[in-house]
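The values are calculated or read from the model by the stated rules, or taken from the named source; none is laboratory data. Nothing here was measured: the structure is a model prediction, and the numbers come from that model. Here the Cβ positions follow ideal geometry from the backbone for every residue, glycine too, while neighbour counts run over all protein chains shown. Please note that ligands, DNA and RNA were not included when accessible areas were found on the heavy atoms of the full protein model with its side chains. Shrake-Rupley method; radii C 1.70, N 1.55, O 1.52, S 1.80 Å.
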Amino acid sequence: MSLQQIIECGLNHEFGGRSLPPHMWRAAKRISLCRTAALGGHVQACPEEHVERHWYNSCKHRSCPVCNYTSVERWLDRQKARVLDCDHYHVIFTVDSALDRLWLANVRAMTELLFHAARDTIFELLGDGKYLGVEPGMIIALHTWGQTQNLHPHIHCLVTGGGLTPDGDWRAVKNGYLLPGRVVRDLYRGKFIAAVRRSLEIGKLTVPAGERLQQVLNLLNKLGRKKWNVNIRERYAHANGVLTYLGRYMRGGSISNRRIVSWNEETVRFRYKDYREAGEPGGKKNKLMELPLDDFVRRVLLHVPEPGQKVVRSYGLLAGTRRADLNRCREILGQRPVQETKSRSWQECMTKFGDKDPSRCPICGARLIQREVFRPAPGGVTRKQPLKDTA
């Protein structure tokens with residue numbers, strides 16, 4: 001099943017006549033045309049005439065489910081070349097659902113507040129001599145969706161199980177225990193609510209339509225007494241597993257094609273995991289959901305980041321400007337300094353699982369040559385441009 005076809009159908013329906021922000025419309029249009037003749041392409045052929053292939057260009061939108069595999073693999077290569085040979089921890093910070101309307105009215109600003117509150121919480125506690133007294137490294141990724149494509153803003157943090165002391169020595173977390181969960185939860189809740197309140201009072205956040213400022217401030221007071229969901233996962237002996245998890249959702253949108261079971265012009269059925277019932281007697285973790293097509297498309301597009309919005313960030317020892325400190329840690333841990341990694345070609349990325357090189361003929365092994373180029377033209381109609389045979 002193809003998300004591109006579903007979005008194209010939704011575009012034809014104009015999503016039930018409801019308006020969407022311009023960046024969501026642009027994303028929908030680009031994704032619906034991904035790897036079609038409308039975007040142009042080229043023809044490759046074996047010089048011995050064994051095979052001929054038509055390749056259509058990808059949309060390259062970061063929310064497209066089919067054309068971001070290479071970008072994610074290259075990002076993982078860069079991160080795995082930088083991570084420290086130490087224990088790592090996976091920490092998840094969520095935003096209470098009562099703030100969903102405020103989030104939708106201020107997506108970019110609320111994202112900044114969430115990143116900063118989570119970062120400052122970990123840095124403040126691990127920097128306290130009572131716990132560890134070090135500066136760690138962190139990679140943080142934003143997710144805004146739940147399994148049913150509903151709004152569920154939360155961030156996943158990869159935290160080093162140790163860090164640099166003020167004297168420049170490495171100190172590791174002991175006994176597999178990063179931080180007490182209750183302390184992390186309460187400090188994060190306080191920091192985030194305080195930042196939201198300040199931003200509202202100075203006008204950096206917009207009050208949702210139909211609400212008054214005092215209503216939102218009263219809501220924040222109530223949330224300050226509520227238990228927030230912060231999850232500190234078990235210790236990982238290395239960072240690769242969590243990095244792969246973060247990379248999976250860094251690009252490619254909120255749902256993959258393989259989760260879509262069936263669809264027509266009225267409804268879409270897709271698989272999801274019900275984590276709330278998974279641990280209950282008789283509860284079923286894997287379920288099916290059916291949504292009206294327009295509602296499904298609107299939910300998917302709700303999670304398209306705004307242009308220029310960074311959804312993955314590095315802090316502390318893993319920040320891009322901290323190469324010297326990172327290499328100091330690597331030296332202490334018996335690792336070589338960070339080396340510049342050569343970016344893998346898309347052909348090398350595609351052969352990761354043992355597949356044959358797609359740039360070569362599967363019969364004779366000769367490198368395919370480019371015969372024609374299909375260039376996009378106004379209106380989505382392509383025109384051919386013959387090329388000379390080149391190896």
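Condition test on residue 63, is it hydroxyl-bearing (Ser, Thr, Tyr), open to solvent by less than 30 Å² (accessible area, probe 1.4 Å) and modelled with pLDDT under 90? Judged against the criteria, residue 63 is not a match. The conditions of being open to solvent by 20 Å² or more (accessible area, probe 1.4 Å), small (Gly, Ala, Ser) and touching a residue at least 12 places away in the same chain (Cβ under 8 Å) are met by residue 98.
Can you list residue pairs whose Cβ atoms sit under 8 Å apart, with the first residue in the stretch 189-218 being on the phi < 0 side of the Ramachandran plot and the second being aromatic (Phe, Trp, Tyr)? Count only pairs 6 or more apart in sequence or on different chains. Qualifying pairs under 8 Å: 189/228. Whether a residue is crowded, with 16+ Cβ neighbours inside 10 Å, at positive phi and in contact (Cβ under 8 Å) with a residue 24 or more places away in the chain was assessed, and residue 316 passes this test. Screening residue 253 with (1) over 29 Å from residue 90 (Cβ atoms); (2) in contact with a Ser or Thr (Cβ under 9 Å, 6 or more places away or on another chain); (3) not aromatic (Phe, Trp, Tyr) gives one miss only, at (1).
Matching residues to (1) under 21 Å from the mean Cα position of the chain (by Cα); (2) farther than 30 Å from residue 238 by Cβ:
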{"site": "20", "(1), (2)": "no, yes"}
{"site": "28", "(1), (2)": "yes, yes"}
{"site": "55", "(1), (2)": "no, yes"}
{"site": "65", "(1), (2)": "yes, no"}
{"site": "74", "(1), (2)": "yes, no"}
{"site": "91", "(1), (2)": "yes, no"}
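Restricting attention to the stretch 201-215 and to residues that are in contact with a helix residue (DSSP H, G or I) (Cβ under 6 Å, 6 or more places away or on another chain) and open to solvent by less than 70 Å² (accessible area, probe 1.4 Å), the residue that is nearest to residue 230 (Cα to Cα) turns out to be 205. For the stretch 167-180, a residue qualifies if it is open to solvent by 40 Å² or more (accessible area, probe 1.4 Å) and touching a residue at least 12 places away in the same chain (Cβ under 8 Å), and the qualifying residues are 169, 170, 171, 172.
Screening residue 103 on (1) surrounded by fewer than 18 Cβ atoms within 10 Å (Cβ to Cβ); (2) free of Cβ contacts under 8 Å to residues at least 60 places away in the same chain; (3) under 30 Å from residue 188 (Cα atoms); (4) not acidic (Asp, Glu) shows it passes everything except condition (1). Taking the stated definitions as given, is residue 254 small (Gly, Ala, Ser), within 30 Å of residue 117 (Cβ to Cβ) and touching a strand residue (DSSP E or B) at 6+ places or on another chain (Cβ under 8 Å)? Against the criterion (small (Gly, Ala, Ser), within 30 Å of residue 117 (Cβ to Cβ) and touching a strand residue (DSSP E or B) at 6+ places or on another chain (Cβ under 8 Å)), residue 254 qualifies. Across the stretch 17-59, the qualifying residues are those that are among the charged types (D, E, K, R) and touching a residue at least 12 places away in the same chain (Cβ under 8 Å), and the one among them that is least open to solvent (accessible area, probe 1.4 Å) is 53.
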